[in-house]
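See structure below.
The values are calculated or read from the model by the stated rules, or taken from the named source; none is laboratory data. Only a predicted model underlies this, so the values are computations on that prediction, with no experimental measurement involved. When we count neighbours, we look across all protein chains shown, and the Cβ atoms used for this are built from the backbone with ideal geometry, even at glycine. Note: accessible area is taken over every heavy atom of the protein model, side chains too, but ligands, DNA and RNA are not part of it. Shrake-Rupley method; radii C 1.70, N 1.55, O 1.52, S 1.80 Å.
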Amino acid sequence: MENTFFENAEKELDGIKFYQSHPTLKPFIGKNYLSNELGMKILLVGESHYVEEPLPEITSDSLLSDWWGDTPPLINDISWYTTRGTIGNFMSGKSGAAYALFREPCKIYNQCVLNGKYQKWQDVYSIYDSFAYMNYFQMPALYKRISLWNSLLKFNEETNKVHPLSLKIWNKTEDLSNDVFLSVVEILKPDKIIFLSTEAYNAFVRQNKDYNETKIFATVHPTCAWWNRKMKDGLSGKERLVECFNTFVSERK
């Protein structure tokens, strides 16, 4: 049954028109997605990939139109925005500050669900096979380790007060990314969805006024300053994710 699920999911993902021209952005599906310790299918959702900087030939027009076509331009070396390749690098132990996005959910799952069962990083990182993962925005940020929105402002030499080009690209990206996201959710049928980015979560909420609040959870990006700093609700981003997994444990019981 599990093999059938994975085979069918892969075929259906390949059937999404966007992934036919952007196969490196297909979501990662862990081998234990159907059989983790919680007995829940969990989809983790990040914000976007990023590149060091865009290639010189990239223009606002190519981001607005060509990127979404059948022959998208290379924004930079494609290895910068390969979802499954990036997670494979993480799980193999290749270091990198950005991997906190993947590392923190594993550590917290180990703590809350497995009661600290794993001590070696190899075992902790292997927990990622318990999840599926995708980025919400189906376009990489254009500069290293800044948000997609801020990268558009920088690229178009605009500001938060005057940003017609950036907003045009953003609106199209948000709209079409949501279409891809909903298609993936329909295929993977997660029991729980955890947004690891408030920017991605806020975009999702703008696009989907009605959604199941018992199924959707959100916290800040694990590299954000608020990950370890308490917010208005009295919790840090990390504590929110702890609370989230603890909720899942109580539901399992």
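Residues that are buried (at least 17 other Cβ atoms within 10 Å of the Cβ), under 14 Å from the mean Cα position of the chain (by Cα) and not in a helix (DSSP H, G or I) do not occur anywhere in segment 229-236. The set of residues in segment 180-189 being in a helix (DSSP H, G or I), touching a residue at least 40 places away in the same chain (Cβ under 8 Å) and either open to solvent by 70 Å² or more (accessible area, probe 1.4 Å) or within 15 Å of GLN207 (Cβ to Cβ) (or both) consists of VAL180, PHE181, SER183, VAL184, VAL185.
Residues in segment 201-221 that are under 13 Å from LEU101 (Cβ atoms) and either surrounded by fewer than 20 Cβ atoms within 10 Å (Cβ to Cβ) or out of contact with any Gly (no Cβ under 7 Å at 6 or more places or on another chain) (or both): HIS221 alone. Tell me yes or no: at least one residue of segment 37-51 is over 25 Å from THR198 (Cβ atoms) and basic (Lys, Arg). So far as segment 37-51 goes, no, none of its residues is over 25 Å from THR198 (Cβ atoms) and basic (Lys, Arg). Only residues that are under 21 Å from ILE193 (Cα atoms) and either surrounded by fewer than 17 Cβ atoms within 10 Å (Cβ to Cβ) or not hydrophobic (A, V, I, L, M, F, W, C) (or both) were counted across segment 1-15, and they come to 6. For segment 92-125, a tally of residues being open to solvent by 20 Å² or more (accessible area, probe 1.4 Å), at pLDDT below 95 and under 17 Å from VAL45 (Cα atoms) returns 2. Looking across segment 237-253, the residues that are out of contact with any helix residue (DSSP H, G or I) (no Cβ under 7 Å at 6 or more places or on another chain) and either part of a helix (DSSP H, G or I) or at pLDDT 95 or above (or both) come down to GLU239, ARG240, GLU243, CYS244, THR247, PHE248, SER250, GLU251, ARG252. In segment 204-221, the residues that are under 12 Å from ILE194 (Cβ atoms) and of a type in the set (S, T, N, Q) form Cβ pairs under 8 Å with partners that are assigned to a loop (DSSP other than H, G, I, E, B) and open to solvent by less than 40 Å² (accessible area, probe 1.4 Å), at six or more places apart or across chains, as follows: THR219/LEU196.
Here THR71 clears all of (1) assigned to a loop (DSSP other than H, G, I, E, B); (2) open to solvent by 40 Å² or more (accessible area, probe 1.4 Å); (3) out of contact with any helix residue (DSSP H, G or I) (no Cβ under 9 Å at 6 or more places or on another chain) except the condition numbered (3). Taking every residue in segment 152-175 that is hydroxyl-bearing (Ser, Thr, Tyr) and pairing it with any residue that is part of a loop (DSSP other than H, G, I, E, B) and surrounded by 15 or more Cβ atoms within 10 Å (Cβ to Cβ), at least 6 positions away or on another chain, the pairs with Cβ-Cβ distances below 9 Å are SER166/GLU158; THR173/SER48; THR173/PHE137; THR173/GLN138; THR173/MET139.
In segment 19-33, of all residues being closer than 16 Å to ASP70 by Cα and surrounded by fewer than 18 Cβ atoms within 10 Å (Cβ to Cβ), the one that is nearest to the chain's Cα centre (by Cα) corresponds to THR24.
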